[in-house]
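S.K.: Have a look at this one.
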Protein chains: 4
Amino acid sequence: MKAVVYKGPYEVAVENVPDPRIEGPLDAVIRITSANICGSDLHPYEGRVEFESGMVFGHENMGIVEEVGAGVDRIKVGDRVSVPFNLACGTCRNCNQGFTSACLRANPSGQPGAGFGYPAMGPYWGGQAELLRVPWADFNLLKLPEGTEHELDYTMLSDIFPTGYHGTEMAKVAPGKTVAVFGAGPVGLMAAHSAYLRGAAQVFVVDHQKDRLALAEKYGATSVDAGEVDVVEAIMDATGGFGVDSGVEAVGYQAHDPAGNEHPALVMDNLVSVVRATGAIGVVGVYNPVDPDAATEEAKDGRIAFDFGTAFTKGLSIGTGQCPVKAYNRELRDLITQGRATPGDIVSHELPLDDAVRGFDQFDKRVDGWTKVVLHPSH
Amino acid sequence: MKAVVYKGPYEVAVENVPDPRIEGPLDAVIRITSANICGSDLHPYEGRVEFESGMVFGHENMGIVEEVGAGVDRIKVGDRVSVPFNLACGTCRNCNQGFTSACLRANPSGQPGAGFGYPAMGPYWGGQAELLRVPWADFNLLKLPEGTEHELDYTMLSDIFPTGYHGTEMAKVAPGKTVAVFGAGPVGLMAAHSAYLRGAAQVFVVDHQKDRLALAEKYGATSVDAGEVDVVEAIMDATGGFGVDSGVEAVGYQAHDPAGNEHPALVMDNLVSVVRATGAIGVVGVYNPVDPDAATEEAKDGRIAFDFGTAFTKGLSIGTGQCPVKAYNRELRDLITQGRATPGDIVSHELPLDDAVRGFDQFDKRVDGWTKVVLHPSH
Amino acid sequence: MKAVVYKGPYEVAVENVPDPRIEGPLDAVIRITSANICGSDLHPYEGRVEFESGMVFGHENMGIVEEVGAGVDRIKVGDRVSVPFNLACGTCRNCNQGFTSACLRANPSGQPGAGFGYPAMGPYWGGQAELLRVPWADFNLLKLPEGTEHELDYTMLSDIFPTGYHGTEMAKVAPGKTVAVFGAGPVGLMAAHSAYLRGAAQVFVVDHQKDRLALAEKYGATSVDAGEVDVVEAIMDATGGFGVDSGVEAVGYQAHDPAGNEHPALVMDNLVSVVRATGAIGVVGVYNPVDPDAATEEAKDGRIAFDFGTAFTKGLSIGTGQCPVKAYNRELRDLITQGRATPGDIVSHELPLDDAVRGFDQFDKRVDGWTKVVLHPSH
Amino acid sequence: MKAVVYKGPYEVAVENVPDPRIEGPLDAVIRITSANICGSDLHPYEGRVEFESGMVFGHENMGIVEEVGAGVDRIKVGDRVSVPFNLACGTCRNCNQGFTSACLRANPSGQPGAGFGYPAMGPYWGGQAELLRVPWADFNLLKLPEGTEHELDYTMLSDIFPTGYHGTEMAKVAPGKTVAVFGAGPVGLMAAHSAYLRGAAQVFVVDHQKDRLALAEKYGATSVDAGEVDVVEAIMDATGGFGVDSGVEAVGYQAHDPAGNEHPALVMDNLVSVVRATGAIGVVGVYNPVDPDAATEEAKDGRIAFDFGTAFTKGLSIGTGQCPVKAYNRELRDLITQGRATPGDIVSHELPLDDAVRGFDQFDKRVDGWTKVVLHPSH
């Protein structure tokens, strides 16, 4: 089959690789209809995070079940399914408690948490390919309504829609609350959309890219252009000096000013400033324990020197980490099916698999208008 | 009346000051029977935090109601009451939501949160004195069973017992969970006691002072002597390499190694190491936005460069801040009354008010056996 | 002043009564701009529940603060405010825990829970009048944006909007869930509106009055006409035989079939049938301990013989009781202010106080199109 | 193998039946070391609930893994395990949300919820036998420390300890709360034990059998002898007229007075009376949709005419249903391992499998001192 293969920094290729096949009784093989390029794919793409040459990319996957193992009886061949980016065994202690993002058995390295086509998440090939093997298929796969409707919406269920939603969950967004989302990339936009789905009264979205801010406004948010205003001042003014109830960090370790200079603590500091005393922050932007190219010595070891003293004085709570997709994807699917959620509105480009190289290149360069790329290996 | 008055770094005095009196219709005046010296009293005492000369110390107070204002009708003269260290109006937005620790109206500075006899918490005199004025008395005061029974237990309800409990609440301690408490000072001991009251299966308490560790064991905890073992290794070994479900930070900004050298990120780093992936940390040890005497340049501005990258990778949640005492003191009182909680077991010294100077001195020097001092201005 | 006074079954009058005045330091007097007639006003109006002759009606009140007592300092003269229907002291054990609906001190009868102008809720005159006295004003009153905007929306904050919302809270409505609301009276409509504000994927509303069902559809709900279809069958079919996650009871003890015959267990039985195994039911329709005119002997003593055996087998949870308005009204206010909630859409008639008699009569007869009546004593 | 087989009302026999064997890749076969007789076994034993002749009894099972299917890789041969009474697939919507008690796939009848050796829970043989087949073994089985220690405590993890705990969860028992448990049978005793493990301040246990009340006191509870005092009056007096925060129903549909006459609503009515306004009731005593031998016509159809009017007026919440054992058994196991929980203290008789007939007979007759029977098929 054809697949997007990692070759080295800034180099991917669409190549022929062996077809995946059923390896155990709980496996399924999926024919991929949509596989998105994720912002976090750019971390290894840019060489910022180590990735094994030859690995197949892709953790935002959906498709049609092609084959199932002998022990699979919930999922059937022909089912249209979404594949959560985090792969989980379904029977360990963390899976039992809903923390599929920290499955204790799926990652052979022994580190909690596994996934597809992504550094440090185990040996599992990704889905930017014609076919994808999914272990523990009955546990992991989410059934979708048959047909082809809402393809661009449902394809967001594998990662960024639940991930944005997870940010709002950790930030304790609830009806009538005010929210500040930092970062208007795909995850930040999904956080803004999710915040309104959860009943937020007002959502601010901070970024300095105008195409992304325009999308945020399409979801009903109030945009705050970091290139034009003092972000903290703008949000404090707009909330009568009180601040917002909830903050979402959707930027991560590469936080930088509009001039492009990285300041690892910048977004956390801003969040500590704009979130009200006793408020909550949800961090879904990625921070890494090791980041050799970081802007400060401390940040190379994962140390982010943000204003913890003020956080304590305000009594803030901070939730962090990868989204356990299964905790949310069923309900988000139903919102799409009922026409109440439209995460696919952020898609700017649909490409055949053969165009993946161009997709990575343009998305990585943040070319204006390239907000989200969906690959269609099989259609 | 006589009161403990702040004169300057390392200098307090027991002096005559004017009696407090009813100033508004919602005030009460309390005759203090017990007022404890708190570890956080040592912050201004040591000059580490600015405090106004002439202020009366004391935010851990209980006593008998002496007089009430015209609008007080729940609390009666003669009631035996505990006074939460955080003073709250009872009618603002934060009080409405139970965040009495961040009352929006009680502190004339406009900063959320007020209290008695403590820097930056407003102009309210403390209770290391014969009498104490308590505004919004009907809202703030907790009634205790009449008489003198359980005095040393009930006196812990004003601050450290709820504060330790708050740490376990933010750390999501629940039946069958494992817990690591860093710091075996009075708050850490109360956290350990609280963890068991909430049903913890096992509680580790880390410190390097043997008298304190002995008290931790008295509450059923497993002591970890930081002066003798590698703390992280010891806890990981004792949990089969899994780590603990919950961690409580009961040390604060002056975290130091057994040799006495401060490392502002030390305790947070250890917690990030020993708390399991997806676990929770409750921070009740105090961190300040400004700390001119801190060990690092960043920490002088409240910046604590702990390993946030690993915290994110593990998906930890971190709750911080002062305890809203009213959220817990009623239930903790009832546990004392029923004989199920014995927070007073940590008291090492009961002194008359006149001995307060010696109490501060010995407690500040962490003289062996001086774990908790209770002053009895009126008995 | 003029006020709507209860004279006896089916008889109210607009009469001159003495002006209320400040009686204690925590009182305020409000000049009423809007006072709604509530469905539960019809219980005493119809003589089904005992009410004292001479009492002033009205527990859905808003207006402008006219005067405040000496101890009131949060609320100011001139503030535009909403008055929660349940009156609460703000300092008792239940108020401390947010259960203002069960205040232990406000009702002189000693029964938990007090309110305005309503049987068994204490001696407090209602607000279908020019002026209203509100005790514990700082605690009870909710400030509204000044001016006259959104008057019909904000006036729903005193009772039915929070009450409908409370039904969805007890029914555990959350993003992506399906909901069945029984009863399309004002409270049921607010429950449907609230369910969508909380992110429900689909909301069914059951009634047999077409004007009300039309309003339900206006809020986005799927109407189920009990006069035309088998309600249980219709909902089970629409959910693929699975049932709904959440059910809201917004009918109460006078549940009847389309022919008008009362069956006290009818709505609860239907809810037990249509709510999925492990689902939740929120009961905001009123059931009374004593109901001499009930259709069955048991129901006269408050006994409702619904299918508890099936409820147990399905593992359902059932929340009941009056709404603690303060738990929700601030956030719902902010949703109105931001234009995201429009509870006032249900108002069919705005009348001057002098027309109150006609308002009661037409609303009680459920004359087509009389869905909700708002009186404007002062405008 | 030998097994306890149901023959008809009041008739069980220990007979030879075919050995169970691995039927699918996810099965395990367990050699049973302990299998308890449950109070709910008496429902079919007494002929009150229909049961298929020839079925093997037993849903409270633990033992050693004898053999596993090809797809089982978490559980190993030789593991000592507890078998939750509810059997669950681990991959359906309800299992995903932790409701293993309402698994949508395990019961071929299509009704949510499956189990071992119990009417209406599917075709699965029970474990009062030498061997037991457990489908979905990796998901269902809980590993225990190897060896034979705490056998009588761990054997309570399959049902009654989690079931009693579930009652306290639904009743919202929390630190410092007061609790009333109705029924001092094994489940009620486990509820009392659980309530204290969760930090309750005081637990009342109501029954009229003195041997059971003595066990309740052993767990620290205050016994209330229904044969000697007015239960409601006794509890109200002991709580200063306030009532208890939480109530647990551990009796079920056969509620009867000390004279033995059944009153289906008796226990629910008492709970509605003694639980404080805004309190919570957890119902783990079984109520059935069909009960042909019930004392009232309504109760034959599962209708329990309890005082719902008062429940509404007090704003009570009521949780019901079978316990999802996996939600609690890991943490309860750890409490046993750490010596903090001792559920096995209720065991009065340990019998070899051959004595099962006598065990059923004596336990069913509630012979004094026969509080809990454990069979040991293999030891």
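S.K.: Divide, for the stretch B:160-320, the radius of gyration over alpha carbons by 2.2 N^0.38 Å, where N is the residue count.
M.R.: Its radius of gyration relative to the 2.2 N^0.38 Å reference: 0.94.
S.K.: Sorted from shortest, what are the nm distances separating the label point of A:ASP230 from equivalent points in the other copies, each placed 7 Å from Cα along Cα to C-beta?
M.R.: When each copy's label point is compared with this one, the spacings are 4.8, 6.8, 7.0 nm.
S.K.: Still on this structure: Cβ under 11 Å from C:GLN322's Cβ, C:GLN322 left aside: what net charge do those residues give with Lys, Arg +1 and Asp, Glu -1?
M.R.: Net charge around C:GLN322: 0.
S.K.: Let me ask something additional. At most 14 other Cβ atoms within 10 Å and a DSSP loop assignment: could you name the GluC sites (Glu not before Pro) in the stretch B:25-116 that fit?
M.R.: B:GLU46, B:GLU50, B:GLU52
S.K.: Give the Rg (one decimal place) followed by the Dmax (whole number) of the protein assembly as shown, computed from C-alpha coordinates and expressed in Å.
M.R.: 32.1, 90
S.K.: Restricting to Cα pairs below 8 Å that are 6+ residues apart, what does the relative contact order work out to for the stretch B:1-101? Please round to a whole percent.
M.R.: 27
S.K.: Once both labels are modelled 7 Å past Cα along the beta-carbon direction, what's the D:GLU23-B:ARG358 spacing in nm?
M.R.: 8.0
S.K.: Could you give log10 I(q)/I(0) at q = 0.19, 0.20 Å⁻¹ for the stretch D:232-379, computed by the Debye formula over C-alpha point scatterers of equal weight, without solvent?
M.R.: One equal scatterer on each Cα of the stretch D:232-379 leads to -1.27, -1.28.
S.K.: Please list, ordered by chain and number, the residues whose modelled amide H lies under 5 Å from the amide H of B:ALA114; skip anything fewer than 5 residues away on the same chain.
M.R.: Amide H to amide H, under 5 Å and 5 or more residues apart or across chains, B:ALA114 pairs with B:LEU87, B:CYS103.
S.K.: Amide H of A:GLU350 versus every other amide H placed in the peptide plane: which residues, excluding those fewer than 5 positions away on the same chain, fall under 5 Å?
M.R.: A:VAL374
S.K.: Can you give me the distance in nm between label points at A:HIS376 and B:ASP230, each placed 7 Å from the Cα along the Cα-to-Cβ direction?
M.R.: 5.6
S.K.: Principal axis lengths of the stretch B:1-127 from Cα atoms, whole Å, largest first?
M.R.: Principal axes ranked by extent give 41, 31, 22 Å for the Cα atoms.
S.K.: Right, something else. Calculated FRET efficiency, B:GLN338 and A:PHE242, Cβ-Cβ r, R0 41 Å, to nearest 0.05?
M.R.: So, using R0 = 41 Å, E works out to roughly 0.50.
S.K.: Go through A:LYS172/A:LYS372; A:LYS326/C:LYS172; B:LYS177/C:LYS314; D:LYS177/D:LYS218; A:LYS172/B:LYS172 and tell me which ones have a Cα-Cα distance over 21 Å in this structure.
M.R.: Table pairs above 21 Å Cα-Cα are A:LYS172/A:LYS372; B:LYS177/C:LYS314.
S.K.: Label A:ASP293 and B:LYS7 with points 7 Å out from Cα along Cα→Cβ: what is the distance between them in nm?
M.R.: Going from the A:ASP293 label point to the B:LYS7 one covers 6.2 nm.
S.K.: Give me Rg over Rh for chain D, both radii from the alpha carbons and Rh done the Kirkwood way, two decimal places.
M.R.: For chain D, the value is 0.96.
S.K.: For B:ARG358, go 7 angstrom from Cα along the Cα-to-Cβ vector, then report the distances to that same point in the other copies in nm, smallest first.
M.R.: Nearest first, the other copies' label points are 7.1, 8.6, 8.7 nm away.
S.K.: Check the straight Cα-Cα distances from C:LYS76 and name the aspartates and glutamates below 18 Å, setting aside those fewer than 8 residues away within the same chain.
M.R.: Answer for C:LYS76, where 18 Å is the Cα cut-off: C:GLU23, C:ASP27, C:GLU66, C:GLU67, C:ASP138, C:GLU146, listed by chain and number.
S.K.: Which stretch or stretches of the stretch A:351-377 have amide N atoms under 17 Å from the point lying 7 Å from A:LYS210's Cα along the Cα→Cβ direction?
M.R.: Output list for this probe position: A:366-371.
S.K.: Also, I was wondering about something else. Put the label 7 Å from Cα along Cα→Cβ for B:TYR10; what are its distances to the other copies, in nanometres, shortest first?
M.R.: For B:TYR10, the other copies' label points sit at 6.1, 8.8, 8.9 nm, shortest first.
S.K.: Relative contact order, percent, of chain D when contacts are C-alpha pairs under 8 Å separated by at least 6 residues?
M.R.: 18
S.K.: Additional query: Suppose a student asked you for the relative contact order of the stretch D:160-320, using Cα pairs under 8 Å spaced at least 6 residues apart; what percent would you report?
M.R.: 23
S.K.: In a Gaussian network model over chain C where Cα atoms closer than 10 Å are linked, find which of C:PRO145, C:PRO175, C:PRO18 has the largest mean-square fluctuation.
M.R.: Greatest mean-square fluctuation among the candidates belongs to C:PRO18.
S.K.: Report the local net charge at B:PRO258: Lys and Arg +1, Asp and Glu -1, summed over other residues whose C-beta lies under 11 Å from its C-beta.
M.R.: It works out to a net charge of -4.
Every number in this text was worked out from the coordinates using simple rules, so none of it is lab data. The structure displayed is predicted, hence computed values, not measured ones. A quick note on method: Cβ atoms are made from the backbone with ideal geometry, for glycine too, and the neighbour counts reach across all protein chains shown.
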